[in-house]
Amino acid sequence: MGSLKGKKMRGGKQSRLFKLIPKFIRKPIQDNRTKNIILEYYNGISKTELLDEEIEALNYLKENKLSVFPYPFQKDYSKESITVLKDDKLKLKYVLIDGKRLYFKRTSSTRGIKRNYNYLKIEQDLNSPHRYLTEKFAIREEDILVDVGAAEGNLALSVIEKVKKVYLFETDKKWIEALEATFAPWKDKVEIINKFVSNKNDEHNVSLSQFFKDKEMFSFLKIDAEGSDAEVLEGGEELLLAKSNLKIALCCYHRPLDGKKFSAYLNEKGFTTSFSKGLMIYDEPKTFSPPYLRKGVLRAVKKG
């Protein structure tokens, strides 16, 4: 959060000088300007044209600071309540989730881990627009899970006992060591791949269709590819067309129109789609344009 594209902050001498201001001073200014841009945009739309969920999010935003999730549920969480432990043998820090260790990057500070893990908990709250799973849209016994953009690996860890196999794709090399430590107790059914999942195949990229050419097909696909989600789908199109009994949890907030685009694309491939409840604010500079309130996760199901 905290990126701004107001006219006065784009490029130029003023923008360069602004970056010299300490972040703890600069960020609240940026956030307030971003908040005003969002509110001004939606104030220009008739209330009769706004959806109920947009009105709900805007009402919260008016009375609170800018946040990814414009809802009160996030206030139920506190980073100060999180206990960070250290593995003396591996020299890595971790938190416990239902008795299982979730490790973090070697360079992560205790303060940073508390902040990051608290965000993960907020992100997967039952009321969060970023929640992947529901009671009906769940990972089942003997599913083969593919996690594109695994990062910490918290989704896979939450279901590791029930799944048949897990493929974790993560491009950040600093996460690989942590993922290997987290999933060491289940290394017989976890494969970690340090490549971009894309629509091409080379030293640094791999498509789902190519990767699973000679492997048993996955049954649950989670995609959080930081804006490259379309390329992931394109690279696995052959599988999406051929496979039945498949579920996809797809992040659709990175770009303004991804929600509608991905829903239409998967509908054409025979999937039934629905969105997570609520809306998100994603103010990444390159894609900060209307609609500012975006759906978080698209859930798609293709039955046999």
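The values are calculated or read from the model by the stated rules, or taken from the named source; none is laboratory data. Owing to the predicted nature of the structure, the values given are computational and were not obtained by experimental measurement. So basically every Cβ, Gly included, is an ideal-geometry build from the backbone, and we count neighbours across all protein chains shown. In case anyone asks, the SASA skips ligands and DNA or RNA and just uses the protein heavy atoms, side chains included. Shrake-Rupley method; radii C 1.70, N 1.55, O 1.52, S 1.80 Å.
Quick look at the numbers
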item: Long-range HN-HN contacts of I192 with modeled amide H, under 5 Å; result: L168
item: Whole-number percent relative contact order across region 21-137, with pairs defined as alpha carbons under 8 Å at least 6 apart; result: 18 percent
item: Directionally averaged shadow of region 176-252, computed from the convex hull of its alpha-carbon atoms, nm²; result: 5.9 nm²
item: For a label point 7 Å along the Cα-to-beta-carbon line of K189, residues of region 76-102 with backbone N under 19 Å; result: 97-102
item: Cα-based equivalent ellipsoid, region 32-132: semi-axes from gyration tensor eigenvalues, Å; result: 37, 14, 10
item: Helical contribution to [θ] at 222 nm, DSSP H n ≥ 4, -39,500 (n - 2.57), averaged over the chain, rounded to 500; result: -9500 deg cm²/dmol
item: Distance cut-off 23 Å, percentage of C-alpha pairs in region 96-247 lying past it; result: 36 percent
item: Percent antiparallel among DSSP beta bridges (both partners in the chain, rounded to 5); result: 50 percent
item: Among the listed pairs K100/K295; K105/K164; K27/K114, those beyond 29 Å (Cα-Cα); result: K100/K295
item: Long pairs among K174/K195; K187/K213; K91/K173; K222/K247, criterion Cα-Cα beyond 20 Å; result: K187/K213
item: Kirkwood Rh, Cα atoms: Rg over Rh of region 237-288; result: 1.03
item: Isotropic mean projected area of the C-alpha convex hull, region 262-304 (nm²); result: 3.6 nm²
item: Scattering profile of the chain at q = 0.11, 0.13, 0.16 Å⁻¹ [log10 I(q)/I(0), Debye over alpha-carbon scatterers]; result: -0.75, -1.04, -1.45
item: Rounded accessible area of E268 (nearest 10 Å², 1.4 Å probe); result: 140 Å²
item: GluC sites (Glu not before Pro) restricted to DSSP loop in region 162-222 with at most 13 other C-beta within 10 Å; result: E203, E216
item: In region 77-158, trypsin sites (Lys or Arg not before Pro) in a DSSP loop with at most 16 other beta-carbon atoms within 10 Å; result: K89, K91, R106, K136, R140
item: Around T107: net Lys/Arg minus Asp/Glu count, Cβ-Cβ under 12 Å; result: +4
item: Reachable aspartates and glutamates, given that their alpha-carbon falls under 14 Å from the alpha-carbon of K93 and they are not under 8 places away in the same chain; result: E152, E177, E180
item: Dipole-positive endmost among Q74, F104, A57 within region 28-106 (Cβ charges, Cα centre); result: F104
item: Dipole of the chain, positive direction: furthest Cα of V84, A264, L298, with charges on the beta-carbon; result: V84
item: Those chymotrypsin sites (Phe, Trp or Tyr not before Pro) in region 229-304 that DSSP places in a loop and that have at most 11 other beta carbons within 10 Å; result: none
item: Once the Cα gyration tensor of region 202-304 is diagonalised, semi-axes √(5λ) in Å; result: 25, 17, 10
item: Residue-by-residue Karplus 3J(HN,Hα) for region 237-242, coefficients 6.51, -1.76, 1.60, Hz, glycine and proline x; result: 4, 4, 6, 5, 6, 8
item: Largest-first ellipsoid semi-axes for region 67-122, taking √(5λ) over the Cα gyration tensor eigenvalues, angstrom; result: 24, 11, 8
